[in-house]
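Visitor: Submitted below is the structure of interest, expressed as C-alpha cells.
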C-alpha cells in the first residue's frame, strides 16, 4: 500500500474531524519522522507539544516495556506500586503538594473546574451552583461540552449547544478586564500562559503576575492551563515561572508521557486537592500503573537531559533567526522557548499552503487560526538541525 491507499481508507472509514497534511507517518526517532515511503521529515509540531522528549525516547520506551510486562491497569479500586512514586516525584519536580492523574488534557481541565466549584461552595461560601469562572477570549482548553462552552471559536461551538453555564469571558492579556469581571460569585480564573492553539498569542509582560495578585487579593483561585506550555516547552518547567508566578492550580498533560500514551494531571496543594472525597471524581484509567511508570520516566529525562535549558537556548536562537526573515508575507514572528508562531498577512492566502510547501521540503508544521504557522519541535533539537531547517523555512516564506 502507498500513501494514497492509506489516505483513501482513512477518508472512507474515519470521521473527518481533522484536516491533516497528506503525509502518512510510520516511524519516528528523536526529532525525525518517516513516512511509509521512507521520506524523512523534521517534526516541528511535536504532536502539539506532547513529544517534548522526542519520538520514542529510549528511556521512556524501556519504562513502558518493563511495566507493560508486569501490570498495566488496576483501576483505582486497588492500589498499585507505581502511582505513589509518581505522586512523590511529580510533587518534587513541580513544587505542588498533591496531584490527581487523569488521561486527556481536557479531563484535567474538567477536574480543575469541578475542584474550583467545590472550593467555592465549601470554603469561599458562594451559594451552591452560582459559582462563576472567568476565562479568556481565544482560549483552547479542549473540546468537551463544558470546554467549548467557554470557547470563542465558532467552529468549536456551532451546532453543539446548549452550553454549560457558569463562565464569563474577557479579552486575553487584559488583567484589568479580569479585575472588573470579578464579583461575589467568582470562584476562579482559568487562562493559558501563552495561547498556543489560539495562534501562539503571548500576553503583555507582567500580565500573569498581575492576574495572580488580583486573584489572591479577591480570594479567587488562579488556574493555569499548562497542557501545551508546561514541561519545558517555553524554556521553564512551567511558563508561569517566567513571571515567578505559582498558580493555585496548574494543569498538565501532553508531554507528561513523552508521547507514549495519554496521561494528564491537576497539580495543587493539599488545601485544595484535599477537598475531593472518595467517589466524587475519578477515571478508570486515570493513575494506571503503566501511565504512572511512563510519566515517571518522561519527567526524569526532561530534568536529567536538560531539555528545559536546551529549549531556552535553542528557542532564543531559532526565534532570533526567524525574526530576521523579511519575507513579503510575514506579519510577525513571536514565541517563547520552542513555542514559536509565524503570523502571516491576510493577503498571504492562509498558512496551510506554506505548511504544505514545508512538507515538500522535509519539515512538518501545522497552521493554526488560519494565518499562523506554529513551530514547536521536540526540546532535544540541536543548533545544527535548526541551521539545516532555516534556509528551507526562508525559502518557503518567500514563496509567491
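Visitor: Using a cut-off of under 17 Å, list every residue of the stretch 249-263 whose amide N is near the label point 7 Å from the Cα of residue 300 along the Cα-to-beta-carbon line.
Guide: 256-260
Visitor: A further question on this structure: What is the distance, in nm, between label points placed 7 Å from the Cα along the Cα-to-Cβ direction at residue 59 and at residue 321?
Guide: In this crude label model, residue 59 to residue 321 measures out at 2.6 nm.
Visitor: Taking 0.36 nm per residue of sequence separation and subtracting the Cα-Cα distance, how much length would be gained by fully extending the chain between residue 19 and residue 77, in nm to one decimal? Provide the component values of the computation, followed by the final result.
Guide: Numbers: separation 58, 0.36 × 58 = 20.88 nm, distance 3.94 nm.
Length gained, residue 19 through residue 77: 16.9 nm.
Visitor: Where both residues lie in the chain, what percent of DSSP beta bridges are antiparallel, nearest 5?
Guide: Around 65 percent antiparallel, to the nearest 5.
Visitor: While we're here: How many angstrom lie between the C-alpha centres of the stretch 373-387 and the stretch 14-69?
Guide: If you average the Cα positions of each part, the centres end up 15 Å apart.
Visitor: What's the FRET efficiency of residue 85 with residue 218 using the Cβ-Cβ distance as r and R₀ = 45 Å, to the nearest 0.05?
Guide: Given R0 = 45 Å and the Cβ-Cβ separation, E is 0.75.
Visitor: Spin-label point model (7 Å from Cα, Cβ direction): what's the residue 275 to residue 39 distance in nm?
Guide: Inter-label distance under the simple model: 5.2 nm.
Visitor: Where in the stretch 15-32 is the amide nitrogen less than 13 Å from a point lying 7 Å along the Cα-to-Cβ axis of residue 6?
Guide: Once the point is set 7 Å along Cα→Cβ of residue 6, 21-28 turn out to lie under 13 Å by backbone N, inside the stretch 15-32.
Visitor: Just one of [x] 1.11; [y] 0.99; [z] 0.96 is Rg/Rh (Cα atoms, Kirkwood Rh) as worked out from the coordinates here. Which one is it?
Guide: Recomputing Rg/Rh (Cα atoms, Kirkwood Rh) here picks out [z].
Visitor: Can you give me the relative contact order of the chain as a percent, contacts being Cα pairs under 8 Å and 6 or more apart?
Guide: Details: 787 pairs, mean separation 91.8, N = 400.
That works out to 23 percent.
Visitor: Within the stretch 372-386, name every residue whose backbone N is under 20 Å away from a label modeled 7 Å from Cα of residue 345 along the Cβ vector.
Guide: 372-374
Visitor: Separate question: According to the square roots a ≥ b ≥ c of the eigenvalues of the Cα gyration tensor, what is the shape class of the stretch 245-302, taking rounded for a/c under 1.5, prolate for a/b larger than b/c otherwise, and oblate for the remainder? Walk me through the numbers before you get to the answer.
Guide: Details: a/c = 2.51, a/b = 1.32, b/c = 1.90.
It comes out oblate by the Cα gyration axes.
Visitor: Full extension from residue 163 to residue 394: what is 0.36 nm times the residue separation minus their Cα-Cα distance, to one decimal in nm?
Guide: Result for the pair: 78.8 nm of gain on full extension.
Visitor: What angle do you read, to the nearest 10 degrees and between 0 and 90, between the alpha-carbon axis of helix 289-304 and the longest principal axis of the chain?
Guide: Roughly 70 degrees between the two axes.
Visitor: Which shape class, rounded, prolate or oblate, goes with the stretch 79-233 when its Cα gyration tensor gives a ≥ b ≥ c as root eigenvalues, a/c under 1.5 marks rounded, and past that a/b bigger than b/c marks prolate?
Guide: rounded
Visitor: Kindly state, to the nearest 0.05, the FRET efficiency for residue 313 paired with residue 180, given R0 = 30 Å and r defined as their beta-carbon distance. Before the final figure, lay out the partial values.
Guide: On the way: r = 40 Å, r/R0 = 1.32.
In this case the efficiency is close to 0.15.
Visitor: Next up: Rounded if a/c is under 1.5, else prolate if a/b is larger than b/c, else oblate: which is the stretch 141-264, with a ≥ b ≥ c the root eigenvalues of its Cα gyration tensor?
Guide: The shape class here is oblate.
Computed from the coordinates by the stated procedures, all read-outs in this text should not be read as laboratory data. Given the structure is predicted, the values throughout are model-derived calculations rather than measurements. Every residue, glycine as well, gets a Cβ built from its backbone with ideal geometry; the counts of neighbours run over all protein chains shown.
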